[in-house]
Amino acid sequence: MKDSDSSVTRRRLLGAVGTAGAASVAGCGFQPPTAGEGDGPAESPTERVGRIERYPRLRIAAVDEIDVGETVEFEYPLDGSGNFLTRLTEDADAGVGPEEGIVAFSNLCTHMGCAVSGNVDAERGTAGPCPCHYTSFDLSKGGLVVVGPATTDLPQVRLDVADGDVFATGMDGLVHGRRNNLADGEPVPEEGE
Ligand code: FES
């Protein structure tokens, strides 16, 4: 057989194998997956972002139970994420309740994560000095750093009052040590769950 003949034969054989292979795949009933199939409808990027960023709604306490200077500690938005709620003597940015003086913040100092809820001063409207390196935050101005080595304001919990109760509904600012306030943990259960 001449070289050109063997070349034609090889091409015909390869073509035949390719056709047979395609026929056998079609014949076995295999269907490649298409978008939207599987366990359920495919989640769009917009839906995924909405799910990740959705904060739970958590009842913290009755407004009547919160006296000036008292602190109430609670976990939000994830199990184990510590915060404190307090009532200042004067109105505060994003405050709710009587004189709009009830506010809530992350308990973790934004410098290195030490707890600041033990040093809340309702008269001055401050949290701190932090027991580790003495940063103080202004609770009447959204957790603004007043003095100390921290360079980021204390994250504030968004509050809402309904039927005499205070609810947490979200957070402004990134909690110390987290890349996302809702990532790497279980959200606290909402009312009724
Ligand atoms: S951890 Fe609070 S000032 Fe350093």
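The values are calculated or read from the model by the stated rules, or taken from the named source; none is laboratory data. Please read these numbers as outputs of a predicted model, since none were measured by experiment. Note that we place each Cβ from the backbone using ideal geometry, even for glycine, and neighbour counts take in every protein chain shown. Ligands, DNA and RNA are stripped out before the accessible areas are found, and what is left, the full protein with its side chains, is counted by its heavy atoms. Shrake-Rupley method; radii C 1.70, N 1.55, O 1.52, S 1.80 Å.
List of remarks:
- Top-ranked residue of the stretch 136-177 - restricted to ones that are within 19 Å of Val68 (Cβ to Cβ) and of a type in the set (Val, Ile, Thr), ranked as nearest to the chain's Cα centre (by Cα): Val157
- Looking across the stretch 114-131, the residues that are open to solvent by less than 20 Å² (accessible area, probe 1.4 Å) and assigned to a loop (DSSP other than H, G, I, E, B) come down to Val116, Ala122, Gly125, Gly128, Cys130.
- When each of Ala150, Ala183 is tested for being small (Gly, Ala, Ser), at pLDDT 95 or above, open to solvent by less than 50 Å² (accessible area, probe 1.4 Å) and in a loop (DSSP other than H, G, I, E, B), the lone residue that passes is Ala150.
- Breaking point among (1) open to solvent by less than 50 Å² (accessible area, probe 1.4 Å); (2) outside any loop (DSSP other than H, G, I, E, B), for Ala92: (2)
- Only residues that are surrounded by fewer than 15 Cβ atoms within 10 Å (Cβ to Cβ) and either free of Cβ contacts under 8 Å to residues at least 40 places away in the same chain or over 17 Å from Glu191 (Cα atoms) (or both) were counted in the stretch 56-67, giving 3.
- Qualifying residue in the stretch 132-147 (condition: of a type in the set (Ser, Thr, Tyr), open to solvent by 60 Å² or more (accessible area, probe 1.4 Å), within 12 Å of the ligand (Cβ to nearest atom) and in contact with a Leu (Cβ under 8 Å, 6 or more places away or on another chain)): no
- Listed conditions (1) away from the ligand (no atom under 16 Å from the Cβ); (2) assigned to a strand (DSSP E or B); (3) over 20 Å from the mean Cα position of the chain (by Cα); (4) not aliphatic (A, V, I, L, M) are all met by Phe74, apart from (3).
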